[in-house]
1. Counting only complete DSSP H runs, which helices of chain A cover 27 Å or more along their long axis at the Cα atoms and score a mean Kyte-Doolittle of 1.0 or above?
2. The stretch B:1-136: D in µm²/s via Stokes-Einstein (Kirkwood Rh, Cα pairs, 25 °C, 0.890 mPa s)?
3. Give me the extension gain from B:A143 to B:L73: residue separation times 0.36 nm, minus the current Cα-Cα distance, reported in nm with one decimal.
4. Just add up the charged neighbours of A:Q110: K/R +1, D/E -1, any other residue whose Cβ is under 13 Å from the Cβ of A:Q110.
5. Compute the label zone of A:E497 within the stretch A:331-358: residues whose backbone N is under 16 Å from the point 7 Å along Cα-to-Cβ.
6. Magnitude of the Cβ-charge dipole of the stretch B:92-319, K/R +1 and D/E -1, about the Cα centre, nearest 20 debye?
7. For B:M237, what charge total do you get from the other residues with a beta carbon under 14 Å from its beta carbon, if Lys and Arg give +1 and Asp and Glu give -1?
8. Rounding to the nearest 20 debye, state how big the charge dipole of chain A is about its Cα centre with +1 on each Lys and Arg Cβ and -1 on each Asp and Glu Cβ.
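Each value in this text was obtained by applying a stated rule to the coordinates, not by laboratory testing. All values reported here derive from a predicted model rather than from experimental measurement. Here the Cβ is made from the backbone with ideal geometry for all residues, glycine too, and neighbour counts use every protein chain on show.
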Amino acid sequence: MNEWSFGRRAVMKAMLAVSAAPWVLHSRAFASSCDDHIVRLGGVTAPDTMNPFASWNVYWPLVFTYDWLVGVEAQRYPDRKGFAKEWSVGDDTLTWTLKIWPEMKWSDGQPATARDAAFTYNYLRGSMGTPDELSVGWNNTNGLQNVESIRAVDDETLQIVTKVPTRWPIDHHTMIVPEHIWKGISYADARGTFRNDPPLVGTGPMIVSEFQQGQFVRLTPNAYFRTGQPATAGVIFHLFNTADPIAQGLKSGSLDYGYGLTVAQWADLSKDSAILVGESPVDQRDYLAFNTASGDGAGSTKALQDVAFRDAIGYAIDQKVIVDRAMRGHAAHGVGAIPPTHANFYSDLSDIRRHFDLAEAGRRLDAAGYRDTNSDGMREDKEGNSLRLELITGSGSGNLVIPVAAVQLIAGWLGQIGIPVSVTQLDPGALDARTAAPEHGGGGWDLLITNSYPSPTPQDLLGFASSKQIGTGNRSFWTNAKFDELLSEIETSVDLEKSKELVDQAARLLYTEAPYIMLSYPFLLDAHRKDCIEGWGTQDILSMNTYFPLDRLKPVNQ
Amino acid sequence: MTHRIGQILIRAIVTLLMVAILNFILFRIVPGDPARLLLAGARTAVTAKQIEAQRQRWGLDRPLIPDQVVDYLSATLHGDLGFSFKFRGRYVADLILERLPATIVLVGLAQFIAILCGVVLGLYAGWRRGGAIDQIATGASLALYSTPSFWVGMLLVVVFSTALGWLPGYGVYSPGATIGFFDGLLDHLRHLALPVAAVALGLIGQYVVVARAAMSDVVTEDYMVTARAKGLTNGQMLVRHAFRNAMLPVVTLVTLNLGYVVAGAITVEAVFAWPGIGGLTVEALNARDYPVLQGIFLLLGASIVIANLMADLAYGLLDPRVRK
């Protein structure tokens with residue numbers, strides 16, 4: 001029989017080791033404290049470069065360093081302006097005059113003028129039609145085809161003349177970059193290998209000063225920010241692959257703010273008195289799309305091309321239950337293409353809205369000729385084939401994930417009205433391949449549940465039904481001449497009221513034709529600690545299309 | 001012996017060549033168009049022109065066979081792993097070399113600790129079968145061996161980082177802290193502690209189970225009875241007969257596991273936001289970044305082939321029968 005025995009020497013060694021532990025564990029570097037006045041953020045994101053011309057995946061963190069010229073948020077909130085302080089359009093509805101902030105400076109102390117803005121746009125325009133057109137990143141040539149000229153009248157005045165009336169000059173989100181940094185970069189490098197390594201030079205409140213790929217981005221306050229240097233000592237933006245470390249970091253105090261939390265993490269954090277949780281509407285829409293293609297890429301039945309069939313299915317989907325049960329209340333229930341965040345254009349479509357009623361769905365399917373004629377429990381289409389649909393699902397890369405429960409609910413409801421559904425869950429890459437344009441090998445599915453995260457402009461919000469975007473944004477392959485015409489009018493409309501009217505017409509047409517059925521507009525779940533930093537705002541999230549609120553955060557009790 | 005080593009080397013080279021070819025084919029079978037995925041996150045209308053521009057930029061518009069495959073094999077044979085799509089033209093070799101140290105430190109240290117603790121504990125438990133240490137070690141090892149390392153990692157974070165606040169739960173070091181070299185080193189060690197523990201605990205379980213079983217087999221062999229009958233002491237029996245024979249399966253496991261050092265611990269890296277090869281693999285896979293994936297898998301293949309090579313050679317040293 002073996003016996004346990006410890007020598008005195010071993011015991012002494014163990015005691016020494018234990019006594020050293022607190023010293024190791026609590027040395028200065030790790031000690032989390034509020035003393036350094038640095039804001040620590042955490043998000044599920046992976047920027048791949050700091051070059052806004054080369055990649056879309058730069059929003060975080062460049063939104064804090066570079067300004068938009070105006071942007072949608074600046075039109076909503078008087079305290080969130082971009083590179084331009086004021087703007088107006090002439091009576092010809094083509095000539096826009098934008099007044100740049102007087103005496104504004106780049107973070108390196110150089111004057112930031114209308115010439116920099118003109119350079120940014122003319123740099124993009126100069127690449128148009130060349131083999132190295134700057135069309136692959138956040139800063140791209142999209143929209144510039146409608147521009148006649150862009151020039152700096154003087155240091156504080158930028159003039160944009162468009163070929164057709166359009167709100168593009170104030171609605172787009174191009175990052176304005178300094179001419180003295182970018183003028184020597186070739187187009188080939190700008191859209192390829194130029195990494196724009198920190199420290200960057202920008203006009204935003206926080207300037208990227210260090211980028212460790214896959215780890216963090218460090219930002220330092222811009223001493224020349226137009227409303228004054230931010231009160232905090234800087235920002236560390238930690239980059240994560242999952243939200244678990246974010247939730248734990250918030251609890252332990254090593255993070256001040258985190259977004260992209262799961263419902264369970266959010267609920268857990270809400271019990272912590274040092275933490276304030278928030279849920280914010282964003283521009284994402286979760287939707288069901290029908291494959292309306294005929295010919296190549298068509299689904300398993302022609303019923304998918306029939307408005308009456310799609311409309312009937314709309315009665316078999318209960319958005320309220322999806323939000324309450326699958327999303328546990330952290331979303332607004334889906335109605336039309338425009339999410340409620342867009343107050344200017346949102347309509348609840350109450351006069352034409354479908355209401356969940358499985359019996360009504362069944363009656364409409366019967367009336368449209370989709371009956372169960374052989375009593376096998378499955379409806380048949382007009383060709384006599386049993387309706388057995390393939391539903392593919394998956395979330396777009398970087399989007400908030402659609403809960404599996406939502407898909408299961410829909411499959412269940414369709415089964416109850418005699419349309420069995422087989423569900424295939426796909427990763428973003430495979431989903432993208434299946435929903436590509438038929439000429440690129442896409443299609444062949446019947447139903448699709450996915451999401452998109454468009455920019456907050458009406459043309460982008462509605463673009464997913466444009467025939468020009470089949471296989472890219474338009475995943476239902478739906479085409480409608482009237483809708484395209486409306487979209488074209490929206491794109492060339494300067495007057496906001498006129499735009500509202502046109503958007504409403506387009507949204508109604510889309511709703512009644514039902515190539516898409518909106519399921520939900522999910523909320524982004526976030527949380528911040530209350531002990532070190534204040535000024536986060538309420539009912540708003542970090543950087544909803546602007547640098548907000550990094551310009552106004554300050555240490556607690558300062 | 002030289003002939004045997006030559007055979008092993010030729011086998012290794014052929015295996016590596018097959019790995020390289022399979023790499024090229026496998027990633028292209030997986031559905032997903034990198035040109036479209038590079039535009040993921042686009043919040044304005046993506047046009048067909050933009051997708052085509054991406055294809056041209058990254059050479060995806062050229063025929064897969066023979067252009068792309070010939071280029072790939074030729075470049076790989078010249079040691080050029082190409083450039084990344086996702087990371088906008090950065091050389092794959094640079095990206096891998098940038099992430100490799102973090103993984104080698106994490107998994108290498110965990111392997112070292114696990115080998116040291118696991119093998120010694122396993123051999124001891126097998127030598128003293130039925131004792132208290134054997135019972136405790138075997139029970140704990142089976143539990144650790146069967147628990148996913150990411151789950152162990154999450155528990156460690158909850159206890160040591162969130163609840164006790166002793167150790168950081170993510171990252172490699174504390175960015176933004178103005179500290180000297182010594183504090184910086186300590187800071188790094190503190191960041192290493194939990195992920196290393198998460199990887200090492202599972203490996204310790206694995207080593208204990210295998211080493212104990214090997215030793216248990218050895219102690220019942222006839223030659224051990226003979227050795228005892230010849231009057232050898234326990235120590236002499238352990239060192240001269242038991243240890244060397246029991247090490248054969250352990251060496252196999254250790255060398256094979258060493259091959260996986262560069263592969264990292266993907267799930268553990270995700271839990272601790274550790275910027276190693278595992279994290280790079282996930283990012284590259286999400287973007288269908290073929291060159292980076294090919295580079296990583298070639299490296300992984302090479303490390304496993306080399307580990308096997310080492311195992312074969314070590315066998316020869318440990319077991320005279322193999323030499324013949």
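1. Values: long enough: none.
Passing helices, by number: none.
2. On the way: Rh = 19.8 Å.
Translational diffusion coefficient: 124 µm²/s.
3. Numbers: separation 70, 0.36 × 70 = 25.20 nm, distance 4.45 nm.
Full extension of this stretch gives 20.7 nm more.
4. Working: positive: A:K105, A:R115, A:K183; negative: A:E103, A:D108, A:D116, A:D155, A:E179.
Summing Lys/Arg as +1 and Asp/Glu as -1 gives -2.
5. Zone members listed by number: A:344-345.
6. Numbers: 10 positive and 13 negative charges, 145 e Å.
The dipole of the stretch B:92-319 has a size of about 700 debye.
7. Values: positive: B:R128, B:R228, B:K230, B:R240, B:R244; negative: B:E221, B:D222.
Here the charged neighbours net out to +3.
8. Details: 48 positive and 66 negative charges, 292 e Å.
In total the dipole reaches around 1400 debye.
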